[in-house]
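Coordinate-derived values only; no laboratory data. Only a predicted model underlies this, so the values are computations on that prediction, with no experimental measurement involved. Reconstructed Cβ throughout: ideal geometry from the backbone, glycine too, with neighbour counts over all protein chains shown.
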Amino acid sequence: MQTLSNKKILLGITGGIAAYKSAELVRLLIKAGAEVRVVMTPSAQEFVQPLTYQALSGHRVYVDLFDAEADSAMDHIELARWCDLLLVAPASADFLGKMNAGYADNLLLTLCLAAKQSVAVAPAMNQQMWANPATQENVKQLAARQVIVWGPAEGEQACGDVGAGRMLEAAQLLDNVQRHFSPGRLEGVNLLLTAGPTREAIDPVRYISNRSSGKMGYAIAEAAMRQGASVTLVSGPVSLAAPAGARLISVESAQQMLDAVMQQASEADVFVACAAVSDYRVDQAAQQKIKKSDAAMSLKLVLNDDILATVSALERRPFCVGFAAETQDVEQYALAKMEQKNLDMIAANRVGDGSGFETDFNQLEVFWRAGRQTIEHAGKAEVAKQLIDLIAERYTASLA
Ligand SMILES: Cc1cc2nc3c(=O)[nH]c(=O)nc-3n(C[C@H](O)[C@H](O)[C@H](O)COP(=O)(O)O)c2cc1C
């Protein structure tokens, strides 16, 4: 979809290793319909040749403040006026410092000063450089002056370090640009979400768990972020990559999940309990591995606290959305659960028939106090998107 048609993006590239990623960003922005012009700092040209961006953007690349051949219609003031968004990606530590101090000794810095439209930066640097108080102070002050800061992400770095400082991936930056021009329905909303199974220890090597893959919860996290929510994902053990941009808190047992959720609940506007939390735990998990013997053995199970009911009973409670995975009488159980736990919404699914646990598909019957809606059988990403639309609609209505 041409989500950025008629949008003019001025992409500034500074001297960092991540400059190569911006070639992909140019491609994605153009594919989304944007018109892109590229400006490079002198250092940036040490990393990637302007020709690369020229070929991708279809326009000459602006590099020199004193370029005698510059078309007069596009001098530094005109370029700054031309764009709807000036995005500096990657933004080096050096550039952020100079930008904060108001320097204008290269074309890109001058444009940042001259731009009346939004300016966004995507920092990219070694984790130690990012953590340095000088950089942190620069970014804080830029943000206080309405400069939009996207990232950085955490992870492995070109220099071999691991930590915060990686530039966001091109696809994430594209997402951010799209959201900048059409803000999501959950912009500014803190969404707390649980996903995956829990594991209840029997002894140090054995546990009781269930078939939840976490796919539905992770898809909801993605869909919520697409609509602009800040997502905190409390996840049981799953083999899925953390959704980029979400704050991931990994837990194992139901008790750990409850503790993590309760620590975050006061900050949450919306709570979606998608995890398949074990109702019971083993009363006294053995400290040592239980040895096999000829005798039959039994485990005493005790009830776990109900995470959703605990959150929903809070004095200042978020908008609470539950899940009901049933194998029979789905509607009846779902409505009873909504009532008992005092929920705002419940999404019910029948497990089996190619839906629900361990599959890539789902279908939901969603209930709230005054209505219901069916989300037809589809891939979990699509189901999550429709569910988040519904949550956004009901949450907004609840504020009125
Ligand atoms: C190989 C190499 C990689 C570099 N990578 C980065 C980087 O990722 N982030 C950064 O802030 N600086 C990095 N630098 C340092 C900048 O290139 C340097 O501070 C430069 O002055 C930035 O200029 P500019 O901000 O005008 O583009 C790197 C330098 C070298 C030699």
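Could you pull out the GluC sites (Glu not before Pro) across region 252-326 that fall in loop regions by DSSP (anything but H, G, I, E, B) with no more than 15 other Cβ atoms inside 10 Å?
Details: sites: GLU252, GLU267, GLU315, GLU326; in loops: GLU252, GLU267, GLU315.
Here the sparse-neighbourhood loop sites are GLU267, GLU315.
For region 83-199, what size does the Cα cloud have along each of its three principal axes, sorted from largest down, in whole Å?
Projected onto its principal axes, the Cα set of region 83-199 covers 58, 37, 23 Å.
What are the ³J(HN,Hα) values, in whole Hz, obtained from phi via the Karplus relation 6.51 cos²θ - 1.76 cosθ + 1.60 with θ = phi - 60°, for each residue of region 214-230 in sequence order, with x given for Gly and Pro?
x, 4, 5, x, 5, 5, 5, 4, 4, 5, 5, 5, 4, 8, x, 6, 8
For the chain, what's the relative contact order in percent, using C-alpha pairs closer than 8 Å and at least 6 residues apart?
Details: 839 pairs, mean separation 42.1, N = 400.
Once divided by the residue count of the chain, the mean separation gives 11 percent.
Kirkwood Rh, Cα Rg: Rg to Rh for the chain? Don't skip to the answer; put the middle values down first.
On the way: Rg = 25.2 Å, Rh = 23.6 Å.
Ratio value, two decimals: 1.07.
How far is helix 254-265 tilted, in degrees, relative to the longest principal axis of the Cα atoms in the chain, given as a value from 0 to 90 rounded to the nearest 10?
The helix 254-265 is inclined about 50 degrees to the chain.
Quick one: of LYS21/LYS98; LYS215/LYS385; LYS7/LYS380; LYS8/LYS380, which pairs are farther than 25 Å apart, Cα to Cα?
LYS7/LYS380; LYS8/LYS380
Could you state the number of Å between the C-alpha centres of region 16-31 and region 149-190?
14
Can you compute 3J(HN,Hα) from phi for each residue in region 155-164, using the Karplus curve 6.51 cos²θ - 1.76 cosθ + 1.60 with θ = phi - 60°, rounded to whole Hz and x for Gly and Pro?
With the stated coefficients, region 155-164 comes to x, 6, 10, 4, 7, x, 5, 10, x, 7 Hz.
Between region 33-67 and region 244-275, how many Å separate their Cα centres?
Between the Cα centres of region 33-67 and region 244-275 lies a distance of 44 Å.
How large is ³J(HN,Hα) for each residue in region 270-287, as worked out from phi by the Karplus curve 6.51 cos²θ - 1.76 cosθ + 1.60 (θ = phi - 60°), to whole Hz, x for Gly and Pro?
Values, residue by residue: 10, 10, 10, 9, 9, 5, 8, 7, 5, 5, 10, 10, 6, 3, 10, 5, 5, 6 Hz.
Largest first and in whole Å, what are the equivalent-ellipsoid semi-axes of region 8-181 based on the Cα gyration tensor, each being the root of 5 times an eigenvalue? Can you show the working numbers first?
On the way: eigenvalues 108, 63, 48 Å².
After diagonalising the Cα gyration tensor, the semi-axes are 23, 18, 16 Å.
Counting pairs of alpha carbon atoms under 8 Å apart in space and at least six apart in sequence, what relative contact order in percent does region 8-181 give? The partial results should precede the final answer.
Values: 340 pairs, mean separation 40.3, N = 174.
This gives 23 percent for region 8-181.
Please sort by residue number the trypsin sites (Lys or Arg not before Pro) in region 82-182 whose DSSP state is loop and whose Cβ has at most 14 other Cβ atoms within 10 Å.
Values: sites: LYS98, LYS116, LYS140, ARG145, ARG166, ARG179; in loops: LYS116, ARG145.
Within region 82-182, the qualifying trypsin sites (Lys or Arg not before Pro) (loop, at most 14 other Cβ atoms within 10 Å) are LYS116, ARG145.
Contact order normalised by length for region 234-302, with contacts defined as Cα pairs under 8 Å and 6 or more residues apart; what percent is it? Can you show the working numbers first?
Numbers: 43 pairs, mean separation 17.9, N = 69.
Across region 234-302, relative contact order equals 26 percent.
Kirkwood Rh over Cα pairs of region 37-134 into Stokes-Einstein at 20 °C, 1.002 mPa s: D in µm²/s? List each step's numbers first, then the result.
Details: Rh = 14.1 Å.
So the translational diffusion coefficient is about 151 µm²/s.
Out of region 1-99, which GluC sites (Glu not before Pro) are coil in DSSP terms and have no more than 15 other C-beta atoms within 10 Å? Mind dumping the intermediate values first?
Details: sites: GLU24, GLU35, GLU46, GLU69, GLU78; in loops: GLU69.
When the GluC sites (Glu not before Pro) of region 1-99 are filtered for loop state and at most 15 Cβ neighbours within 10 Å, GLU69 remain.
Using only the alpha carbons, work out the radius of gyration and Dmax of region 190-399 in angstrom.
For region 190-399, the Cα-based Rg and Dmax read 17.3, 61 Å.
Excluding LYS289 itself, what net charge comes from residues whose Cβ is under 12 Å from its Cβ, given Lys and Arg +1 and Asp and Glu -1?
Values: positive: ARG206, LYS291, LYS292; negative: ASP203.
Taking every Cβ under 12 Å from that of LYS289, the sum is +2.
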